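Visitor: Please read through the structure below; I'll follow up with questions.
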Amino acid sequence: MSDAFSDSVNSSLWQEQAEADDPFSAAVCRAAGYDVYGDLLGKASYIEYLFLLFRGERPSAAQARTLELLAIALANPGPRDPSVHAAMATGVSGTPAAASLIAALAPGAGSHGGAREVLLAMQDWQQHGRKLANWEAALACPPPPTRSGIWPHPEHRPGFAPYGASCTTPVRQTLALLARAQPDGHCAWLERHRAPLEAAAALPLAMSGVAAAALIDLGFEPAAGEMLTLMLRLPGAAAHALEQQRQGFRQFPFFSLDLQNDPGPAHQEAA
């Protein structure tokens, strides 16, 4: 690009140098000073590049490991999750690919296990830190109303499962590995104090709570953590939408219901 055009692009994250014969096409692209196609490509992992884009700096080995673990843990919430279920419903109807991802983003963005809940839980971490007494006092009170009118007020403490009977195995497994990746971090503290925190909240820890702690360990602000959570949840939604598109609506995995007083045909015939 010409110097005049380059000066009009205001980004501290991204810099470009134009092709000699085309001022509208980039010959060199730099992310946080790193030449993306001349230096990073083929040398950096996707996780390292993702961290660089969000944080503007190269991750340490522990940070890269933490983000990799989190990305795998969040990649596919499974068909029980509303965001994946929404993507499957669009996939089975044959809608364009974008419709499936947009459908997944809507329920996956909210404060009931979604990205907004991760943001709220990260704000709790910023407020309470690693002080158990502060957490116990806060968890004993109803969740405070959110500032934005876009989102409904949270009905449970962010980071905990409102309908859970106990902390699920995947949550405990994910937390253990994240704690091992950064032994002095928030995830390690959370693993050590999970029992008293769950007792104070009267709810089991959820994956959103683990994600929030990991994102704090990575140095993300809540807004960046919310955005990254939205992105990391999409691969599973996409894969399930494609599978459902191939299988058709007759094999849609509805959960079976055992109705004791079903008024359907079988009940009528028996009568």
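The values are calculated or read from the model by the stated rules, or taken from the named source; none is laboratory data. Keep in mind that this is a model prediction, so the values were computed, not measured. For neighbour counting, all protein chains shown are included, and Cβ atoms are generated from backbone atoms with ideal geometry for every residue, glycine included.
Visitor: Quick one: would you say Leu190 is without any contact (Cβ under 8 Å) to a residue 24 or more places away in the chain, buried (at least 18 other Cβ atoms within 10 Å of the Cβ) and assigned by TED's automatic domain parsing to the domain that holds Leu67?
Guide: yes
Visitor: Give all pairs with beta carbons closer than 8 Å in which a residue from segment 95-111 that is in contact (Cβ under 8 Å) with a residue 12 or more places away in the chain meets a residue that is of a type in the set (Ser, Thr, Tyr) and not in a helix (DSSP H, G or I); count only pairs at least 6 apart in sequence or on separate chains.
Guide: As it stands, the answer is Ser111/Thr146, since those pairs meet every condition given.
Visitor: Can you confirm whether Gln127 is among the polar types (S, T, N, Q), touching a residue at least 24 places away in the same chain (Cβ under 8 Å) and closer than 18 Å to Ala214 by Cα?
Guide: Working: among the polar types (S, T, N, Q): yes; touching a residue at least 24 places away in the same chain (Cβ under 8 Å): no; closer than 18 Å to Ala214 by Cα: yes.
It is false that Gln127 is among the polar types (S, T, N, Q), touching a residue at least 24 places away in the same chain (Cβ under 8 Å) and closer than 18 Å to Ala214 by Cα.
Visitor: Ok, one more. Could you count how many residues in segment 142-178 are more than 22 Å from the chain's Cα centre (by Cα) and under 26 Å from Ala188 (Cβ atoms)?
Guide: Here the count works out to 1.
Visitor: Cβ-Cβ distance below 7 Å, separation of 6 or more or different chains: which pairs start in segment 27-39 with a residue that is surrounded by 15 or more Cβ atoms within 10 Å (Cβ to Cβ) and end on one that is among the hydroxyl-bearing types (Ser, Thr, Tyr)?
Guide: The qualifying pairs are Cys29/Tyr37.
Visitor: I'm trying to understand the selection: among the residues of segment 1-16, which are modelled with pLDDT under 90 and farther than 16 Å from Phe51 by Cα?
Guide: Passing the criteria: Met1, Ser2, Asp3, Ala4, Phe5, Ser6, Asp7, Ser8, Val9, Asn10, Ser11.
Visitor: Scan segment 219-251 for residues that are within 12 Å of the chain's Cα centre (by Cα) and not in a helix (DSSP H, G or I) and jot them down.
Guide: Within segment 219-251, Arg233 is the sole residue that qualifies.
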